[in-house]
Each structure stands twice: as C-alpha cells, then as structure tokens.
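Worksheet: the structure to be examined is printed underneath.
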Amino acid sequence: MTAQIDFDALREAAKEVMTRAYAPYSGFPVGAAGVGEQGHIVVGGNVENVSYGLGVCAEVSMVAGAVSAGVRHLSAVSVCDARGAILTPCGQCRQVLLEFGGPGLLVDSADGPRPLGELLPAAFGPEDLARGRGDR
C-alpha cells in the first residue's frame, strides 16, 4: 500500500502550502497534504485568529478543502513545519483524519508512514454513533 503513495510529492505539496499558512501569532506555519480518491492531492495550511481558540489546524483546513472539492476519503497525509520537517498530527487532528481516512489512513512520520489506527488506538468513530442509536 505504501509503495502506491508518492510521499515525496505529498511532502512537497505540504511544504508549498505551508508558505501560505496564516500564523502571525505563533509564528509556526504548518502545511498538510493528503491523497484523496483517484489520486487527488488536497492541501491546507493552518489559519490562526487573534482569538486563539478559533484557529484552524492545517489538517482540518486540508479536510475542509477536500470536502469542498468533493473528496470524501483520504488514503495518506503528510504534515510539515516551516523547515519542511515532518510533523505528526495532534490528537484533535487525528480524530478529524479518522473521519475521512479511517484507521488505515497512512500518516507520514519521521519513522516512515504509519496507519492512523496505530496513532489513535481504540478511537471513537462513526460506527460508535450507529451502535449508540441502535443501528446495525
């Protein structure tokens, strides 16, 4: 599965979109790039706000852009900082990524791509809501 994903291209796309991030308060721009259906590359940068809690992480920005473009499933994602160094998504972003990639989503890391299920074990997902409503 990893051989089909061009992580070099994802890293470059994340690095390029990072240059357009809006991070005037933290000074920590972040870029994210993912591979969607039919190989579409979707990107997003973090967008800060003077009211800190209203900022949006690069991964969430990427997912919003993907959904806006009609992409509903991601197979891989790479995230980077201003130096181009690979970042592993925070817990909140891992939860958002789970919704659009599932536990098999490949997440780039300094040690190589890892399935999201390893980074977010025993995650709460859409199937939990279905069980809670009595859906089968």
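Of the numbered conditions (1) under 17 Å from the mean Cα position of the chain (by Cα); (2) under 23 Å from Gln4 (Cβ atoms); (3) of a type outside the set (A, V, I, L, M, F, W, C), Gly55 satisfies every one except a single condition; which is it?
Among (1) under 17 Å from the mean Cα position of the chain (by Cα); (2) under 23 Å from Gln4 (Cβ atoms); (3) of a type outside the set (A, V, I, L, M, F, W, C), Gly55 violates only (2).
Which one of Val60, Val50 is under 27 Å from Gln4 (Cα atoms), out of contact with any Leu (no Cβ under 8 Å at 6 or more places or on another chain) and of a type outside the set (Lys, Arg)?
On the way: Val50 fails: under 27 Å from Gln4 (Cα atoms).
Criteria check complete, one pass: Val60.
Only one residue in Gly27, Gly125 is farther than 24 Å from Phe7 by Cβ and within 17 Å of the chain's Cα centre (by Cα). Which one?
The conditions single out Gly125.
Does at least one position in segment 83-93 carry a residue that is among the polar types (S, T, N, Q) and out of contact with any Ser or Thr (no Cβ under 8 Å at 6 or more places or on another chain)?
Yes, because at least one residue in segment 83-93 is among the polar types (S, T, N, Q) and out of contact with any Ser or Thr (no Cβ under 8 Å at 6 or more places or on another chain).
Which members of segment 53-66 meet the condition of being of a type in the set (Val, Ile, Thr), under 19 Å from Gly102 (Cα atoms) and out of contact with any Phe, Trp or Tyr (no Cβ under 8 Å at 6 or more places or on another chain)?
Val60
A short reminder: the numbers here are calculations on the coordinates, not readings from a lab. Model, not experiment: these values are computed from the prediction. Quick reminder, even Gly has a Cβ in these numbers, built from the backbone with ideal geometry, and neighbours come from all protein chains shown.
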